[in-house]
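Below: the structure, in structure tokens.
The values are calculated or read from the model by the stated rules, or taken from the named source; none is laboratory data. Quick caveat, the model's predicted, so the values are computed rather than measured. Using ideal geometry, Cβ is built from the backbone for each residue, glycine included, and neighbour counts are taken over all protein chains shown. Note: areas computed on protein heavy atoms with side chains; ligands, DNA, RNA excluded. Shrake-Rupley method; radii C 1.70, N 1.55, O 1.52, S 1.80 Å.
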Amino acid sequence: MGLETVELVIRFEEAFGITISDEVATRMTTPHEVTDYIMTQVAVGAEAACLSQQAFYFLRRGFSNRLQMPRRAFRPDTSLQQLIPKQNRKLVWSGLKTEIGGAALPNLSRPLWLFYLLFGSIVLFGFCAFYVMPKFSLSLKVELAIVIALLFGFVASVVTRPLKTDFRRGFRTLGGLVEYLLLHSPHSFKREQRTWTRAQVAETVRAIIVDITGVTNFTEDSHFINDMRLG
């Protein structure tokens, strides 16, 4: 299986709380076949409630319980940065993850300026390491410089971990969190209902495929390799 296919299988497993063997994965060549298999692994019901609506209510309940916020204040366009001040954001976010479930919410990230600073520092450190090395062969100097730069990057990432206080791009509103939940952990709020309809499974499968591959022009019967050119 190609890298994209492996990523898809992992995301399907995480989203529905199931296990897909390599043998089964190789037999699933279209979104339709993926949906058919998942339907055999999850509890099936006749409900046709909107999946986005269920995710919204699930998050709203968790935020209301933890932050003591009125339900009417939980709107899709509400900014998380305004809702949770930076000075106690890590503590509050950790509490929300405990209340709602760790997989239901994305991790906080470093500020964008710090990300670029780290990246630039790693590149600069690698170049400096390359030029101050003894007279090794060119290939050896390049390899050692890369190793040193990666080690520097690892240390820098550990040191700056306490500075991860920003919300990830794309998930900076309550509506963005609903999207994240639908893509990464829909089974976390489906546990309460414990059943899926085929339409809900197909909707989630399509959303995951688009998120991983960026391909949007496909149908349930499109072939992953022949039609969608996935590796």
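Per-structure values
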| quantity | calculated |
| --- | --- |
| Surface accessible to a 1.4 Å probe, per residue, for the residues of the chain, Å² | 57 Å² |
| Mean ellipticity per residue at 222 nm, deg cm²/dmol - from DSSP H runs of n ≥ 4 across the chain, formula -39500 (n - 2.57) | -19000 deg cm²/dmol |
| 5 angstrom amide H check on T173, placed H, neighbours 5+ away | L80 |
| Overall Cα dimensions of region 163-231, principal axis frame, Å, largest first | 44, 33, 18 |
| Debye equation applied to the C-alpha atoms of region 122-220, log10 I(q)/I(0) at 0.14, 0.15, 0.24 Å⁻¹ | -0.77, -0.80, -1.18 |
| Volume per residue that the Cα convex hull of region 109-171 spans, once the total is divided by residue count, Å³ | 79 Å³ |
| Cβ-placed point charges (K, R +1; D, E -1), dipole of the chain about Cα centre in debye, nearest 20 | 1460 debye |
| More than 23 angstrom apart: percent of Cα pairs within region 46-202 | 52 percent |
| Full-stretch length increase - E99, T216 - with 0.36 nm per residue and alpha-carbon distance subtracted | 38.7 nm |
| Carbon plus sulfur fraction of accessible area for the chain, probe 1.4 Å, in percent | 59 percent |
| Highest to lowest packing among 114-123, 197-206, scored as the average C-beta count within 10 Å | 197-206, 114-123 |
| Kirkwood hydrodynamic radius of region 1-101, from inverse mean 1/r over distinct Cα pairs, in Å | 16.7 Å |
| Accessible area (Å², 1.4 Å probe, nearest 10) - H187 | 40 Å² |
| In Å, descending, principal axis extents of the Cα set of region 68-138 | 67, 22, 21 |
